[in-house]
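Values quoted throughout were computed directly from the atomic coordinates according to the rules given, and no laboratory measurement underlies them. Computed from a prediction, not measured in an experiment: that's the story for all the values here. Virtual Cβ from ideal backbone geometry, glycine too; neighbours counted across all protein chains shown.
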Amino acid sequence: MIEIRKFSKKDTTEVALLMVNVYKEFNREEATKSGWEDYLNTVHPDKVPFEKLYNKLNKAVAFVAIDRGKVIGIVRGTPERINSLFVNGKYQGKGIGKKLVGKFLDAAKKLGVKDVRVRSSVLAVPFYKAMGFKKTTGLRNPHGMKMYNMKRLL
Ligand SMILES: CC(C)(COP(=O)(O)OP(=O)(O)OC[C@H]1O[C@@H](n2cnc3c(N)ncnc32)[C@H](O)[C@@H]1OP(=O)(O)O)[C@@H](O)C(=O)NCCC(=O)NCCS
């Protein structure tokens with residue numbers, strides 16, 4: 001049984017490792033070498049002190065997906081923007097990303113947000129389309145990482 005609950009401080013290291021490992025497995029070829037290194041320098045628990053990492057991850061809206069005590073998914077953002085969405089590869093395609101984004105959108109709506117934006121990885125565009133987002137720009141490459149700006153009205 002997968003549980004979705006709010007992110008808490010004790011999840012910090014596990015969430016950061018999930019972000020690094022899932023990005024490495026699925027999105028690595030979307031980034032330049034320096035883009036990937038910059039990413040590691042901002043989220044890898046070996047490179048960022050714990051309190052700094054916690055403050056970075058602890059956004060206004062942040063939920064984790066848990067299976068048997070283990071973090072297997074994360075969504076976090078401002079709430080006007082999704083900053084990160086990652087699901088462990090073994091758990092992808094089972095509706096967990098959809099549940100996490102659903103929780104994010106519900107929370108954003110309650111906070112009075114009118115539309116939610118995301119910088120989608122190339123890989124995640126079909127996922128976000130299935131979640132009702134539309135591209136607002138062509139392919140961009142900020143920070144050495146390929147992405148599309150997308151938006152969904154609430
Ligand atoms: C993007 C990601 C979070 C999706 O999570 P997931 O748990 O596998 O997605 P779900 O199983 O909840 O899929 C939800 C819907 O999206 C669709 N979908 C997901 N990936 C898809 C793909 N590659 N192509 C087409 N449709 C896709 C599913 O079919 C499903 O549609 P449905 O509700 O109509 O059945 C996951 O693939 C991931 O972590 N990818 C790597 C990291 C990444 O790119 N994150 C985004 C950064 S912005």
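Quick check on my filter: what residues within segment 75-93 are near the ligand (Cβ under 9 Å from one of its atoms) and in contact (Cβ under 8 Å) with a residue 40 or more places away in the chain?
Selection gives Ser84, Phe86, Val87, Asn88, Gly89, Tyr91.
Would you be able to tell me the number of residues in segment 57-74 that are touching a Ser or Thr at 6+ places or on another chain (Cβ under 9 Å) and surrounded by fewer than 20 Cβ atoms within 10 Å (Cβ to Cβ)?
Residues in segment 57-74 being touching a Ser or Thr at 6+ places or on another chain (Cβ under 9 Å) and surrounded by fewer than 20 Cβ atoms within 10 Å (Cβ to Cβ): 3 in total.
Every residue, every condition in (1) farther than 17 Å from Ser8 by Cα; (2) over 15 Å from the mean Cα position of the chain (by Cα); (3) of a type outside the set (S, T, N, Q), yes or no:
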| residue | (1), (2), (3) |
| --- | --- |
| Lys52 | no, yes, yes |
| Lys59 | no, no, yes |
| Ile82 | yes, no, yes |
| Lys94 | yes, yes, yes |
| Gly97 | yes, no, yes |
| Phe104 | no, no, yes |
| Val116 | yes, no, yes |
| Ala124 | yes, no, yes |
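Table: residues versus (1) surrounded by fewer than 20 Cβ atoms within 10 Å (Cβ to Cβ); (2) under 21 Å from Val20 (Cα atoms).
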{"site": "Asn88", "(1), (2)": "yes, yes"}
{"site": "Gly102", "(1), (2)": "yes, no"}
{"site": "Lys109", "(1), (2)": "yes, no"}
{"site": "Gly112", "(1), (2)": "yes, no"}
{"site": "Arg119", "(1), (2)": "yes, yes"}
{"site": "Leu123", "(1), (2)": "yes, yes"}
{"site": "Phe133", "(1), (2)": "no, no"}
{"site": "Gly138", "(1), (2)": "yes, no"}
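I'd like to verify a number: residues in segment 94-131 that are farther than 26 Å from Pro142 by Cβ, within 7 Å of the ligand (Cβ to nearest atom) and not charged (D, E, K, R), how many?
The number of residues fulfilling the criteria is 2.
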